[in-house]
Amino acid sequence: MDRRPEKMNLTTFMLPAGYHKDSWRLEGSRVEELGFLDFVADMTLLAEEAKLDAVFFGDIVTADTLLRGDVKMNGLYEPISVLSALAARTSRIGLIGTVSTTFSEPYNLARQILGVDHMSGGRAGWNIVTSSRGNQNFGLPEMPDPVDRYRRAQEYLEVVTKLWDSWERDAVIADRATGRWADASKLHRIDHQGEFFTVQGPLNMRPSVQGRPILVQAGSSGPGIDLGSSFADCIYTAQPDLARAQEYYREYKEIVASKGRNPAQVKILPGLVPIIGDTHAEAEELAELLASQIDMDYGRIQLEADHKLDLTGLELDDRVPAERFPEKLATSRSKIFMRKALEERMTIRELIVESARGTGHGWFIGTASEVAEHMITWFNGAACDGFNINAPHMPGGMETMCRKLVPELQERGYFREDYEGTTLREHLGLDQPASVLERV
């Protein structure tokens, strides 16, 4: 297999309770600090020490998971505020946060993300989601239809990118002699009138030093792929199988090209949960220890909620009959789950462990060297442009990823040994947006 000339991109999903469900029950987890800054600041500085491209914060706008006994996926860290705080604690690492297009307005969002970008010197990114729940907290009787949510998101992105481009690069002149700080002729109204939004513009903030903040998207449905291939710089995706990941990678890049965009400028980063030991046997022991922490009753509730399943009357060692799956699957990850259940004939107990371990993402058990080889195989095999690596437990899993796994990739020449730029766009190897270059 030929070696690719470029290096991997690596970001990390900041889940302070640990990506493996219930791993917070381990000694030393710092679970008492969830929701506070020092813990995630320590983890972010670890990632910066390892020269990762970015840390990524997801978000949930309900307490549903907490009410189901799951602290893994939570909304304890509001993205804009925590990224702003981390901007002051860090100097180089990218800062990516999730904000929903369904529960926010584009002018406010454009200002918030650009604010983080300015406070960090050009290191901000926005993970675009349309949300599948949360209407009860925002005055909506029910969630809008997915098609409508994505139509709104398409227009939302048009407005946000127009606002970010509404100042020319050299608009700030700071001319003391004339008393003009900005050249008003280089600020442009966008005068957007669409189905969902009417926005005059221009934005009331100076342009980004990286051209625009980075756009990240993770939807794998048809509308999600359409949105991501139109706007996103990075694509997060759940791809546990190499052959399917290669097919997804090839097809996604073709869609990007069909829209007149450069496929090399859209980075595809599947999630990976590395469970690492100093020996393979130690890694297996860690995997068993993590599995032993799972509350099976809550795990069962989680499967039913995530995939809209009815497991009534089934025991943990039973398999899920095909007729128990809804005709319309809840999410793209539900397709992965159904494949595991039916094709690999997993029991409910095995499915709970599988879901707790990867939530649809790939996982790998082994030494740091073995995990690195696994990642290199995917990278050279045109299955990805890098990975969003997820620490199975905190803080130990993050320490192992940053201080053992990343050095293995560096020694093999697959990851940088130091930052070569100052902005997230530079870390990712992305060019300036075309609309910005047109005005230089």
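Looking only at the stretch 1-49, count how many residues are more than 20 Å from the chain's Cα centre (by Cα), surrounded by fewer than 16 Cβ atoms within 10 Å (Cβ to Cβ) and not in a helix (DSSP H, G or I).
Selection size over the stretch 1-49: 9.
Please work out if VAL371 is buried (at least 17 other Cβ atoms within 10 Å of the Cβ) and within 21 Å of VAL273 (Cα to Cα).
Judged against the criteria, VAL371 is a match.
When you look at ASP70, is it closer than 17 Å to MET394 by Cβ and surrounded by fewer than 23 Cβ atoms within 10 Å (Cβ to Cβ), yes or no?
It is true that ASP70 is closer than 17 Å to MET394 by Cβ and surrounded by fewer than 23 Cβ atoms within 10 Å (Cβ to Cβ).
Take the stretch 229-241 and flag every residue that is farther than 14 Å from ASN388 by Cβ and either modelled with pLDDT under 95 or buried (at least 24 other Cβ atoms within 10 Å of the Cβ) (or both).
ASP241
Looking at the stretch 189-214 only, could you name the residues that are closer than 30 Å to ASN390 by Cα and out of contact with any strand residue (DSSP E or B) (no Cβ under 6 Å at 6 or more places or on another chain)?
SER208, VAL209, GLN210, GLY211, ARG212
Restrict the check to the stretch 133-142 and report whether at least one residue is buried (at least 17 other Cβ atoms within 10 Å of the Cβ), of a type outside the set (Lys, Arg) and in contact with a Lys or Arg (Cβ under 9 Å, 6 or more places away or on another chain).
Taking every residue of the stretch 133-142 in turn, none turns out to be buried (at least 17 other Cβ atoms within 10 Å of the Cβ), of a type outside the set (Lys, Arg) and in contact with a Lys or Arg (Cβ under 9 Å, 6 or more places away or on another chain).
Does ARG212 count as among the basic types (Lys, Arg) and under 28 Å from the mean Cα position of the chain (by Cα)?
Judged against the criteria, ARG212 is a match.
Scan the stretch 161-173 and tell me whether some residue there is buried (at least 18 other Cβ atoms within 10 Å of the Cβ) and of a type in the set (Ser, Thr, Tyr).
Yes.
Does the stretch 325-337 include one or more residues that are modelled with pLDDT of 85 or more and either closer than 17 Å to MET73 by Cβ or of a type in the set (S, T, N, Q) (or both)?
Within the stretch 325-337, none of the residues are modelled with pLDDT of 85 or more and either closer than 17 Å to MET73 by Cβ or of a type in the set (S, T, N, Q) (or both).
Note down all Cβ pairs under 7 Å where the first residue falls in the stretch 234-255 and is touching a residue at least 12 places away in the same chain (Cβ under 8 Å), the second is crowded, with 16+ Cβ neighbours inside 10 Å and among the aromatic types (Phe, Trp, Tyr), and they're at least six residues apart or on different chains.
Within 7 Å, the pairs are ILE235/TYR252; THR237/TYR248; GLN239/TYR248; LEU242/TRP378; ALA245/TRP378.
Restricting attention to the stretch 390-401, does a residue exist that is farther than 30 Å from LEU286 by Cβ and crowded, with 24+ Cβ neighbours inside 10 Å?
no
One residue is enough: does the stretch 336-346 have a residue meeting the conditions without any contact (Cβ under 8 Å) to a residue 24 or more places away in the chain and crowded, with 20+ Cβ neighbours inside 10 Å?
Checked the stretch 336-346: at least one residue is without any contact (Cβ under 8 Å) to a residue 24 or more places away in the chain and crowded, with 20+ Cβ neighbours inside 10 Å.
On the basis of being under 18 Å from PHE231 (Cα atoms) and aliphatic (A, V, I, L, M), does ILE80 make the cut?
Judged against the criteria, ILE80 is not a match.
Looking at GLY94, GLY121, GLY115, GLY139, which is the one that is without any contact (Cβ under 8 Å) to a residue 40 or more places away in the chain and among the small types (Gly, Ala, Ser)?
Answer to the check: GLY139.
Only one residue in ARG89, ARG133 is over 30 Å from GLU420 (Cβ atoms) and of a type in the set (Lys, Arg), so which one is that?
Within the list ARG89, ARG133, the selection yields ARG133.
Mind counting the residues in the stretch 347-366 that are of a type outside the set (D, E, K, R) and either outside any helix (DSSP H, G or I) or surrounded by fewer than 19 Cβ atoms within 10 Å (Cβ to Cβ) (or both)?
Qualifying residue count, the stretch 347-366: 9.
Listed residues ASP310, ASP317; which is in contact with a strand residue (DSSP E or B) (Cβ under 6 Å, 6 or more places away or on another chain) and not small (Gly, Ala, Ser)?
Checking each option against the conditions leaves just ASP317.
The values are calculated or read from the model by the stated rules, or taken from the named source; none is laboratory data. Given the structure is predicted, the values throughout are model-derived calculations rather than measurements. Note that we place each Cβ from the backbone using ideal geometry, even for glycine, and neighbour counts take in every protein chain shown.
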